[in-house]
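The values are calculated or read from the model by the stated rules, or taken from the named source; none is laboratory data. These numbers come from a predicted model, not from an experiment. Cβ: placed from backbone, ideal geometry, glycine included. Neighbour counts: every protein chain shown.
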Amino acid sequence: MKTQVAIIGAGPSGLLLGQLLYQNGIDNVILERKSADYVLSRIRAGVLEHTTVQGLEKAGAAERMHREGLVHEGVELVFDHKHIRVDFEKEVGKHVVVYGQTEVTRDLMDARAASGGLTVYEAEDVALHEIDTDAPYVTYLKDGTRHRLDCDFIAGCDGFHGVSRQSIPEGVLKTYERVYPFGWLGLLSDTPPVSEELIYAKHPNGFALCSQRSTTRSRYYLQVPLSDKVEDWPDGRFWDELKNRLPPETAAKLVTGPSLEKSIAPLRSFVSEPMRYQSLFLAGDAAHIVPPTGAKGLNLAAGDVQCLADALCDYYRNGSSAGIDGYSERCMKRVWAAERFSWYMTKLLHTFPDADDFERKMQEAEFNQLELTENAVKTLAENYVGLPY
Ligand code: RFL
Ligand code: PHB
């Protein structure tokens, strides 16, 4: 089989890239290790920046999001008993859209099916070959038979644990990493959200986040030690601890119910650069990870693939390599800005087990800064709604 761009991974990066390329007449095939149902069962992000919304529009996959997504004009931050509302519209004249990653993925899968694009699900043992030439190819096993996919370029959209980044020879990439000493336990439930807006709350026991997927479905998170298992957290214990970490007037309004899903995610910052090696481009979590506190992971992924799609269009349409040559540098500026913001939000709102009294005071002073200076709130708002890519 031959295509122009072989895409590894059918997460949001791979699927969005596939659609953006199709809209521009560039042929592509997606190889995904898991089944479509498995990909849709992963509960992850919930907050879309304006540029992600624009990406879905360009991909022809934004109709349901515009109908069902919830426009959020601000968030609430709570530090012990202090509250601050960050008003995005007032500060920067922008908003975000709350619409789950699962729904984004479903809409992109539907758009791909409608355009006749090929996605090979349950492709095992995907391997990249000759990536340092202009005739790379990918091999994979499907139903016990080995296949070969020849292409001009490979897009590694296969997440943090994927095979693409690992195929780049040693010594080419420089990596940066910070692993945080806690994780997030997430719970999804068919209960109305406790508040119209998201609440990020810092409590001595740890961080809590009240998020949502719709007016009837809530997503809540608790900071937990890395040693905790989901089984340690029956629903009753989760709800009690969430109430404990929220301000009493919010806790009193919390509607609880059976969990539909519960999982623990570790928190990590990670960047590998550059994002290109010869005919291989990395995008999304394959190249960088942010802790979820800034709601940036999916949005960075969407920014990367919009840059990559622009660059590949320029290459195929105008014969210009300027876009593909500048891809990594263009993405990296935004990636590092999002890394900084996600690190800032994580440090501001979590309880660090080894922090001393001085560090705790600095954390409180950092929060108070948001009360003291309008500029601090504006900077937070500007970063939360998203920087241009
Ligand atoms: P994904 O979604 O991991 O998809 C990669 C795909 O590649 C497949 N794959 C392979 N396929 C073939 N061969 C191989 N060898 C392969 N290895 C892997 C995988 O099966 C998978 O289908 O990466 P992508 O597309 O780059 O998308 C990134 C986003 O998923 C991620 O950044 C966000 O979910 C992060 N994130 C959030 N981002 C936000 O923007 N806002 C949020 O509010 C937000 N909340 C979150 C999050 C991530 C979380 N977790 C669990 C990590 C909340 C959580 C809890
Ligand atoms: C979510 O709804 O899953 C969510 C929202 C905001 C975050 C992280 C996760 O910062």
Residues satisfying the stated conditions in the range 209-222, i.e. more than 12 Å from ligand 2 (Cβ to nearest atom) and surrounded by fewer than 24 Cβ atoms within 10 Å (Cβ to Cβ): 215, 216
Tell me yes or no: at least one residue of the range 327-341 is farther than 30 Å from residue 153 by Cα, within 16 Å of ligand 2 (Cβ to nearest atom) and at pLDDT 95 or above. yes
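Listed here are the residues, each with its yes/no results for (1) surrounded by 21 or more Cβ atoms within 10 Å (Cβ to Cβ); (2) over 23 Å from residue 73 (Cα atoms); (3) among the polar types (S, T, N, Q); (4) under 15 Å from the mean Cα position of the chain (by Cα).
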position: 319; (1), (2), (3), (4): no, yes, no, no
position: 332; (1), (2), (3), (4): no, yes, no, no
position: 350; (1), (2), (3), (4): yes, yes, no, no
position: 384; (1), (2), (3), (4): yes, no, no, yes
Among the residues of the range 164-179, is any buried (at least 21 other Cβ atoms within 10 Å of the Cβ) and assigned to a strand (DSSP E or B)? no
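Let's see how each residue does on (1) in contact (Cβ under 8 Å) with a residue 40 or more places away in the chain; (2) within 28 Å of residue 327 (Cβ to Cβ):
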{"position": "115", "(1), (2)": "yes, yes"}
{"position": "120", "(1), (2)": "yes, yes"}
{"position": "131", "(1), (2)": "yes, yes"}
{"position": "142", "(1), (2)": "no, no"}
{"position": "155", "(1), (2)": "yes, yes"}
{"position": "164", "(1), (2)": "yes, yes"}
{"position": "174", "(1), (2)": "yes, yes"}
{"position": "177", "(1), (2)": "yes, yes"}
{"position": "189", "(1), (2)": "yes, no"}
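Residue-by-condition table, conditions (1) in a helix (DSSP H, G or I); (2) hydroxyl-bearing (Ser, Thr, Tyr); (3) more than 16 Å from ligand 1 (Cβ to nearest atom); (4) in contact with a strand residue (DSSP E or B) (Cβ under 9 Å, 6 or more places away or on another chain):
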{"residue": "223", "(1), (2), (3), (4)": "no, no, no, yes"}
{"residue": "227", "(1), (2), (3), (4)": "no, yes, yes, no"}
{"residue": "236", "(1), (2), (3), (4)": "yes, no, yes, no"}
{"residue": "239", "(1), (2), (3), (4)": "yes, no, yes, yes"}
{"residue": "242", "(1), (2), (3), (4)": "yes, no, no, yes"}
{"residue": "250", "(1), (2), (3), (4)": "yes, yes, yes, yes"}
{"residue": "257", "(1), (2), (3), (4)": "no, no, yes, yes"}
Might you let me know whether the range 298-317 holds any residue that is among the small types (Gly, Ala, Ser), without any contact (Cβ under 8 Å) to a residue 40 or more places away in the chain and either part of a helix (DSSP H, G or I) or within 13 Å of ligand 2 (Cβ to nearest atom) (or both)? yes
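Residue by residue, here is whether (1) within 16 Å of ligand 1 (Cβ to nearest atom); (2) aliphatic (A, V, I, L, M); (3) under 30 Å from residue 67 (Cα atoms); (4) at pLDDT below 95 holds:
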| residue | (1), (2), (3), (4) |
| --- | --- |
| 121 | yes, no, yes, no |
| 126 | yes, yes, no, no |
| 130 | no, no, no, no |
| 141 | yes, yes, no, no |
| 199 | yes, yes, yes, no |
| 209 | yes, yes, yes, no |
Among the residues that make up the range 51-65, is at least one of them away from ligand 2 (no atom under 16 Å from the Cβ), buried (at least 16 other Cβ atoms within 10 Å of the Cβ) and of a type in the set (Ser, Thr, Tyr)? yes
Over the range 83-118, the set of residues in contact with a helix residue (DSSP H, G or I) (Cβ under 8 Å, 6 or more places away or on another chain), of a type in the set (A, V, I, L, M, F, W, C) and closer than 19 Å to residue 66 by Cβ is 88, 96, 97, 104, 108, 109, 111
